1. How do B:13-21, A:154-162 rank on mean C-beta neighbours within 10 Å, highest first?
2. Using a 10 Å cut-off around each Cβ of peptide A:124-137, what is the average number of partner chain Cβ atoms that fall inside?
3. Chain pair B, A: how much accessible area is buried, both chains summed, with a 1.4 Å probe, in Å² to 100?
4. Can you pull the mean other chain C-beta count within 10 Å for peptide B:32-40?
5. Dividing the alpha-carbon radius of gyration of the stretch B:1-70 by 2.2 N^0.38 Å (N being the number of residues), what value is obtained?
6. Filter the trypsin sites (Lys or Arg not before Pro) in the stretch A:147-181 down to the DSSP loop ones having no more than 10 other Cβ atoms within 10 Å, then list what survives.
7. Using a Förster distance of 56 Å, how high is the FRET efficiency between B:Gln121 and A:Gln21, based on the Cβ-Cβ distance and rounded to 0.05?
8. Average partner chain C-beta neighbours within 10 Å, per residue of B:63-73?
Amino acid sequence: MGESGTIAASGSMQEADQADQFATLIAENWHRLYRFAYHLTRSREEAEDLLQQAAEEAFKAFHRFRPGTRFDRWLMRILYTTLIDQVRKERRRKVFELDSLPLSALQAGDASDPEAAVEGSLDGPVRRALDALPPEFRAVVVLVDIEGLSYVEAADVLGCPVGTVRSRLHRGRLALREWLRPYVDALKRGDL
Amino acid sequence: MQEHPSDQLTAYVDGELTLEEAAEVAAHLAECAHCREVVSDLRAVQTLLRSLPEPSPDPSLLLRARERVESVLARKPRLSRWLIAGAVSFAVLTFVALVPLSPPPGSHEAGAVWHFRHHAQLASAHPLSDVTLASYLSSPLPYDTLEEAVLSRETP
């Protein structure tokens, strides 16, 4: 009885140590992880749900985290897979093939308002265009263009080959170029 | 003119090509206005994306996430204690049900054979249980002798 009590106590101490270690790592990377979650989802609420869900998943799998490797990348991967699982399970959003995306519908929105472009109110249109990308494409664009990861690093986070990162990134950027055409042109003219 | 390099243009913009590949793309760009336009557009898209404001999390979010993680920790030991308690109760009840406490009367050999048959019964019902192994190891006669004795009695 005494012996099993000792084992249980040392087991819970170990778990408490792990929880502290996890809490420290997650706090150190919090802003970066939130930014990734925010750009992957459509709203602040969705980002918060996703990040909390991913933090729980990560804690359950924390024994598989290899010390000395980057915790933020490891958690970003869990964030991404959690999102993809949610999208597939809940079918909240239909995952379109990029070729079948309704480009004309998007262009009809304020993304095509050159006046707004000149006035510099870019956040809404850029954010909406990013949101319109399928999650697999959006994740690559966010990782490389916003987070500044290399292709190899992005492939590691997404669990896919580097060639896939390159082709998704190219197609994602071309779609964004079409949706944000007035802003792209204004920027090239030096009007932004 | 050679074929347009397509996604190599994206890799070119990001500096993700080898020197040789980058030189090939640069040579193509010198001759191809269409691809120069694409490269310029891709850079503009990149600039637009990087202009997005930095989102900042709600100050309470980290605390909420921590509470959620701690609730996982609180759930875990309770569950495992119940599982251990359940498994031990099952093992004890099974043992009591299958093996009577007092050995049957008779010779030393008959007693050993009796134990062996009950152990074999228990082992076939619970092939991986520690009880089976312990019973076999504590048997007073070698396995071959027991097996022979059981077979000789059961064979008509």
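1. A:154-162, B:13-21
2. Mean partner-chain Cβ count within 10 Å for A:124-137: 1.
3. Roughly 4100 Å².
4. 1
5. 1.84
6. Here no trypsin sites (Lys or Arg not before Pro) fit, given the DSSP loop and packing criteria.
7. The calculated FRET efficiency here is 0.70.
8. 6
The values are calculated or read from the model by the stated rules, or taken from the named source; none is laboratory data. In this text the structure is predicted, and so the values were computed from the model without any measurement. Note: ideal-geometry Cβ built from the backbone for every residue, glycine included; neighbour counts use all protein chains shown. When the accessible area is computed, the model is the full protein with side chains, heavy atoms only, and any ligands, DNA or RNA have been set aside. Shrake-Rupley method; radii C 1.70, N 1.55, O 1.52, S 1.80 Å.
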